Every structure is written in structure tokens, then in C-alpha cells.
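Scroll down for the structure; my scribbles are underneath it.
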Amino acid sequence: MKIKKMFIHNFRIFNGLYELDFNNKDLIIISGPNGNGKSTIFDSIQWCLTGKIPRYDGSNEKQKFNYIMNERIYKTKGSQSMLVEIWLETDEGVTHNIRRSQEKNEEGVLSASEV
């Protein structure tokens, strides 16, 4: 199974909508300075598929603020949303789309994540 494409919107360090297109790529190398979102890409995949990011369980970061929504977006007044959407292709060529989203209402209360 291969990830063909993904959208990351307001997830952790990603403020706004980002599209990562891995279509027609046999090898993908993710490189960059510390703090620029490399691990967050993997966190977003894990969260989209499972609804959890176990490496944050029990951490101070999880307690500081909503650890999965972009901090700036989370602290903005009014309703806000985030999502991760992934297109997976099986070895047989069948494509599956998985989307997980979460919203913050006017009072700052987060909804349960939706798949």
C-alpha cells in the first residue's frame, strides 16, 4: 500500500492547507531543519489512520494546549477546523480515501474527531 496524496490543514505546525503529492514517486525523502514539520507529517498520518498519536501520551505538550490543532488556530476566537486526508493505493491499484477532522466551536470546545 502506498500513500498517493495527502492534505494537512491546521494540524500542529501546519497553519493553513498543505497538499503533499506522492503520486508516481517510488522513493520519498523528507528532509529539513528541526522544527519544520517532518515528524508532524508522520504524526498526521498516524492520527488520520488511528485517531491517536501515542508519542504524546502523558507528555507536557499534550497538556499545554490542544496538541493536534495548530496552536495559532486553536487560540483564535470563533469556530475553527483541522483535517488530515490521505489517499492510499493498494497493490491491486484500488484507491482508498481516509479523512479525519476535528472542530473547535465558538466557546473553544473541541468536537470528537470524525472519520
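The values are calculated or read from the model by the stated rules, or taken from the named source; none is laboratory data. Computed from a predicted structure; not experimentally measured. Counting neighbours? That spans all protein chains shown, and the Cβs are built from the backbone with ideal geometry, glycine included.
Among the candidates ASP26, ASP57, ASP91, ASP43, single out the residue that is closer than 23 Å to VAL109 by Cβ and more than 15 Å from the chain's Cα centre (by Cα). Walk me through how you get there before you give the answer.
Working: ASP26 fails: closer than 23 Å to VAL109 by Cβ; ASP91 fails: closer than 23 Å to VAL109 by Cβ; ASP43 fails: more than 15 Å from the chain's Cα centre (by Cα).
Only one candidate passes the filter, namely ASP57.
Restricting attention to region 13-45, and to residues there that are exposed (fewer than 14 other Cβ atoms within 10 Å of the Cβ) and acidic (Asp, Glu), which single residue is modelled with the lowest pLDDT?
ASP26
If you go through region 63-93 one residue at a time, how many are assigned to a strand (DSSP E or B) and among the small types (Gly, Ala, Ser)?
Here is the first cut: in region 63-93, the residues assigned to a strand (DSSP E or B) are 69, 80-89.
Among the residues that remain, those that are also among the small types (Gly, Ala, Ser) are: 81.
Result for region 63-93: 1.
Return only the number of the condition from (1) of a type in the set (S, T, N, Q); (2) in contact with a Phe, Trp or Tyr (Cβ under 7 Å, 6 or more places away or on another chain); (3) in contact (Cβ under 8 Å) with a residue 40 or more places away in the chain that ASN15 does not satisfy.
Among (1) of a type in the set (S, T, N, Q); (2) in contact with a Phe, Trp or Tyr (Cβ under 7 Å, 6 or more places away or on another chain); (3) in contact (Cβ under 8 Å) with a residue 40 or more places away in the chain, the lone unmet condition for ASN15 is (2).
What residue, among those in region 94-115 that are assigned to a strand (DSSP E or B) and of a type outside the set (D, E, K, R), is farthest from the chain's Cα centre (by Cα)? Spell out how you get there, then give the answer.
Step one: of region 94-115, the residues assigned to a strand (DSSP E or B) are 95-104, 110, 114.
Okay, now just the ones that are also of a type outside the set (D, E, K, R), so 95-98, 101-102, 110.
Working: THR95: 19, HIS96: 17, ASN97: 14, ILE98: 12, SER101: 9, GLN102: 10, LEU110: 16 Å.
That would be THR95.
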